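Right, one structure below, let's go through it.
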Amino acid sequence: MDFNDTPEEAEYRAKVRAWLEENAPRGVKGASLGDEDESQMDACKAWQAKKAAAGYAQIRWPKEWGGGGGTTIQSVIFAQEESRMGVQLGGPFAIGLGMCIPTVMATADDETKKRFVGPAVRGETIWCQLFSEPAGGSDVAAIRTRAIKDESSVDENGDFDWVINGQKIWTSGAHYADYGIVLVRTDPDAVKHKGLTMFWIDMKSPGIECKNIHQMSGARGFNEVFFTDVRVKDSQRLGALNDGWNVSIITLMNERASVGGGGGARGGGALKALQVAQKIRDENGDPLSNNTTVREKIAEHYVRAEGLRFTGMRSLTALSQGKTPGPEQSVSKLVQASAMQDLADFMVDLQDQAGIIRDPAHAVENADFQEMFLGTPGGRIAGGTDEILRNIIAERVLGLPGEIRVDKNIPFKDLPTGR
Amino acid sequence: MNFDFSDEQLALKDEARKFLAAKCPPDRVRKLMDEDSPGFDPELWAQVAEQGWLGAAIPEEHGGLGLGYLELCCIAEELGRAVAPVPFASTVYFFAEALLRAGTAEQKAKYLPQVVTGEIIGTIASAEQAGPVSAANINAEVSGGKLNGVKMPVTDGVVAHHAVVLAKEGGKPTLYIVDLNGPGVSREAVNTIDRSREAARVEFKDAPVERLGEVGDGLALFEAINDRAAVLISFEQVGGADMCLEMAKNYALDRFAFGRQIGGYQAIKHRLADMYAKNVLARGNAYYGAWALNSDAPELPIAAAGARISASDAYWFAARENVQVHGGMGFTWEVDCHLHYRRSRQLGLVAGSARSWKHRLVTMLERRNAA
């Protein structure tokens, strides 16, 4: 048991480090979703192109598709070294390369793949994923956006138009994406999971309108996307007609296959919390960090964050040995999201009345904890709610029964709907 | 990155699991708890010794297998899973570790070979009263080579042959080895919350002692030994916590209410998912402790605290929620839930409370922040 690289890993790390030293941009701020400007997007695109040219974009992918022809552990090592250099410019490409393009690669014909894969790897095109809907959050398959075949549009090759109407929501990056993959209902007479179809779509198509969502934290990272008589060709279909649910599983499996860098800082935010507690005085003029309750809380945060960090290392070990990581990583987001919210609440409470101040000029630690307080509720919802994650652990890891599904044998159009 | 046990170590763990499933089934533990003088299974102890487990991490020159601490962690996990009623922790994690850390060559030669064979049951006697072990809380006094005072609770103190005792000499905390069958020692069993591990009140009246380490080093040595024991005990806790989750899951699948398996209700599913999450975190922290222990890393005290806090939390949560999932059966004598409910608390206290470990961890983090 150790934390050392294998000789091959060490060699690769040294190579990556040298390349990054030479090539990585210094002091360039990445694009934070919804708040990005053009120069930040340009910096992201330039860095992605540079990585692709050197074989460091999509390291795990075959070289013929613009990848690096490497291993999963190599891609982890690169990500670790990139983050060690403080380079965080991959955000705009994460969904495309992590979810959309793998779906295209698994389902599209060679011509389509050739058209899309390379440019996406090089950062020339950005993709978004259009699955969630106002009435389909945790129940992703409850999609109401309709695609109807336009019989009058059939051309000499048998291709024809689908006309899409409806609304998608929580679409990260839709406002700057060039393309998207969209899941729509093509057969409302079939049961919920059976009447869906997946298409790739040009986000500049007439009839698509993006509107950003104003979150409680003030951030605007997500979008609502409205479809009004948007036309896609049947040749843009990914997978078989009415088989979109199975195609979406490919997409989501790829999301899950992306393993983190075994990362996070030592102790999460606990060390910072301790420093803050040392500076605030209690009723007797002593540092709050001397208070037993405060100490216990900080210890609990530290241990929980470390537990996550070491769990990541266990998964990395499996990757390093060429094995599939166990299910342990499934707890990561569930634990992390609540932990951050708890830490924010605890740190705001420590500040007493001053805890309400969000003005960075006057707040403790530039209002980091106030921002965290307002930002963390979303963490427990986005990418799988706490409740869905617990269901997944209970069902897939522990083998407990699935939820009762009253919508199983009913045509989609006959399902009761609420808000 | 190689943050896992080797295939050989995992094979040893697997063997230990099979061995304990055969030799130490839960009904045997429960039966032992029914007896007038509960807390020790001599037959199992002899079998454990025969397996060589007592000497897994003791060097070959002292009769041990000299394998290492990672192997000992594997065994510990399985002992915890089985709620084994043997003085393994007292003898191996505390007594033998104290000798290995602080003993002279002579002392090691005198005691360790018999620890390996199971002939010497050892323990540690540190606490005297409610509250953490500290200089202020030690009244036992050595003067002229004779010990006077009372230690309580001394886990496995009824069956142990020797104890490492924390006492003061001229006001300075120091460790000593005492022959519990020797003159000046009287002991009586005290009833505890975990009847699968006994404990004693031990009174010393001019009992002769053998010093272990230097005068005045007692507390530092005690902490170093406690760190090592805490890592090993965290594996017992992880083993117990996983067993609780397994029991709760199996019961939730077998038990029907309102026309279906209770494991289909989210109130149960989510509780079990939370148990799983805590168990995963505890295992990660315990592995870090194992690495630090095995490589004698300077991070050991912090790693031990992380393992201790995380594993104590996970086992207690799993044990208590396992009772809850079992409903009315959960708090009966005949169902095994209470074995873990008791043991989780016993293990959570025997090397010091969560409260005191959290305090200690933050003290270490403060030092690191300052450095």
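Since every read-out is calculated from the coordinates, none of them should be taken as a lab result. Computed from a predicted structure; not experimentally measured. Note that each Cβ is placed from the backbone with ideal geometry, even for glycine, and that neighbours are counted across all protein chains shown.
If R0 equals 45 Å, the separation of the Cβ atoms of B:Q324 and A:D35 corresponds to a calculated FRET efficiency of about 0.50. DSSP beta bridges confined to the protein assembly as shown are antiparallel in about 85 percent of cases. Quick one: Debye curve from the alpha-carbon atoms of region A:67-143 only, equal weights, vacuum; give me log10 I(q)/I(0) at q = 0.12, 0.18 Å⁻¹ to two decimals. Taking Cα atoms of region A:67-143 as identical point scatterers yields -0.47, -0.90.
Between A:S315, A:F346, B:I302, the Cα set farthest toward the positive side of the dipole of the protein assembly as shown (charges on each charged residue's Cβ, about the Cα centre) is that of A:F346. Across region A:319-342, the residues whose backbone nitrogen lies under 19 Å from the label position 7 Å along the beta-carbon direction of B:L253 are A:327-328. Taking 0.36 nm per residue of separation and subtracting the current Cα-Cα distance, fully stretching the chain between A:R84 and A:E22 would add 20.9 nm.
Take every Cα pair under 8 Å whose residues are at least 6 apart in sequence, average their separation, divide by the length of region B:1-109, and the relative contact order is 29 percent. A simple spin-label model places the labels of B:I193 and B:N148 3.5 nm from each other, with each point 7 Å out along Cα-to-Cβ. Summing charges over all other residues whose Cβ lies under 13 Å from the Cβ of B:L72, with Lys and Arg as +1 and Asp and Glu as -1, gives -3.
Per the Debye calculation on region B:180-238 with a single equal scatterer at every Cα and no solvent contribution, log₁₀ I(q)/I(0) for q = 0.24 Å⁻¹ amounts to -1.03.
Residue exposure proxy: B:C24, B:C244, A:C128, ordered by other Cβ atoms within 10 angstrom of their Cβ from fewest to most, comes out as B:C24, A:C128, B:C244. Placing R0 at 45 angstrom, the Cβ-Cβ distance between A:K323 and A:I381 gives a FRET efficiency of 0.90 after rounding to 0.05. Charge dipole of chain B (Cα centre as origin; +1 on each Lys and Arg Cβ, -1 on each Asp and Glu Cβ, all else neutral): 1260 debye, rounded to the nearest 20. Calculate the spin-label point distance for B:E141 paired with A:E64, positioning each point 7 Å from the Cα along the beta-carbon direction, and give it in nanometres. That separation, rounded to one decimal, is 8.7 nm.
Which residue, A:G67, A:G221, A:G158, tops the fluctuation ranking in a GNM of chain A built on C-alpha contacts under 10 Å? Most flexible of the set in this elastic network: A:G158. The ellipsoid that matches the Cα gyration tensor of region A:127-256 has semi-axes, each √(5λ) in whole angstrom, of 24, 17, 13, with the longest given first. Give me D for region A:261-383 in µm² s⁻¹, whole number, from Stokes-Einstein with Rh from the Kirkwood sum over alpha-carbon pairs, 37 °C and 0.692 mPa s. Answer, rounded: 209 µm²/s. About its Cα centre, region A:127-256 has a charge dipole of approximately 540 debye under the convention of +1 per Lys or Arg Cβ and -1 per Asp or Glu Cβ, with nothing else charged.
When each of B:Y251, B:Y288 is scored by the number of other beta-carbon atoms lying within 10 Å, the sequence from fewest to most is B:Y251, B:Y288.
Listed from fewest to most Cβ neighbours within 10 Å, the set B:E128, B:E43 follows the order B:E43, B:E128. Counting Lys and Arg as +1 and Asp and Glu as -1 over every other residue whose Cβ lies under 14 Å from the Cβ of A:N212, the net charge comes to -1.
The mean sequence separation of alpha-carbon pairs under 8 Å and at least six residues apart, normalised by the residue count of chain B, gives a relative contact order of 16 percent. Between B:L12, B:L212, B:L175, the GNM of chain B built on Cα springs shorter than 10 angstrom shows B:L12 fluctuating the most.
Taking the convex hull of the alpha carbon positions in region B:122-217 and averaging its projected area over all directions gives 5.6 nm².
For each pair in A:K333/B:K13; B:K108/B:K146; A:K149/A:K192; A:K168/B:K278; A:K333/B:K269, compute the distance between the two Cα atoms and list the pairs where it is over 24 Å. In this structure, A:K333/B:K13; A:K168/B:K278 exceed 24 Å between Cα atoms. Within region B:219-370, the proportion of Cα pairs with more than 25 Å between them is 34 percent.
In summary, the helical segments of chain B meeting the span-like criteria, namely a full DSSP H run, a Cα extent along the axis of 15 angstrom or more and a mean Kyte-Doolittle hydropathy of at least 0.0, are B:69-81, B:218-254, B:300-325.
Along chain A, the longest continuous region that contains none of the chymotrypsin sites (Phe, Trp or Tyr not before Pro) in a DSSP loop with at most 16 other C-beta atoms within 10 Å is A:161-419. Dividing the mean sequence gap of close Cα pairs (under 8 Å, 6+ apart) by how many residues chain A holds gives a relative contact order of 12 percent.
Between the C-alpha center of region B:37-81 and that of region A:300-375 there is a gap of 39 Å. If the segment from B:E61 to B:R368 were pulled out straight at 0.36 nm per residue, it would be longer than the present Cα-Cα gap by 106.7 nm.
Sorted largest first, the spans of the alpha carbon positions of region B:152-192 along the three principal axes are 32, 23, 14 Å.
Shape summary: chain A maps onto an equivalent ellipsoid whose semi-axes, from the alpha-carbon gyration tensor, are 39, 28, 22 Å in decreasing order. Extension gain for A:K413 to A:N242 (0.36 nm times residue separation, less C-alpha to C-alpha distance): 60.1 nm.
The calculated P(r) of region B:7-116, using every Cα pair and 10 Å bins from 0, goes 14, 45, 30, 10, 0 in percent.
Applying D = kT/(6 pi eta Rh) to region A:1-50, where Rh is the Kirkwood radius over alpha-carbon pairs, T corresponds to 25 °C and eta to 0.890 mPa s, the Stokes-Einstein value obtained is 186 µm²/s. Only Lys, Arg, Asp and Glu carry charge here, each on its Cβ (+1 for the first two, -1 for the last two); on that basis chain A has a dipole of about 520 debye about its Cα centre. Annotation for A:A46 and A:R266: the two label points, set 7 Å from Cα along the Cα-Cβ direction, are 3.5 nm apart. In whole angstrom, the protein assembly as shown maps to an equivalent ellipsoid with semi-axes of 57, 29, 25, each derived as √(5λ) from the alpha carbon gyration tensor and ordered largest first.
Counting every C-alpha pair in chain B, the share spaced more than 28 angstrom apart comes to 43%. If you run the Gaussian network model on chain B, springs between alpha carbon atoms under 10 Å, then out of B:A109, B:A230, B:A89 the most flexible one is B:A109. Look at the dipole of region B:58-163 built from charges on Cβ: of B:F94, B:G118, B:P153, the Cα furthest out on the positive end belongs to B:P153. Between the residues B:A282, B:Q324, B:L293, the greatest Cα displacement towards the positive end of the dipole of region B:241-330, with unit charges on the Cβ of Lys, Arg, Asp and Glu, is found for B:Q324. Pop the C-beta distance of B:A267 and A:M253 into the FRET formula with R0 = 35 Å and round what comes out to the nearest 0.05. Calculated value: 0.75.
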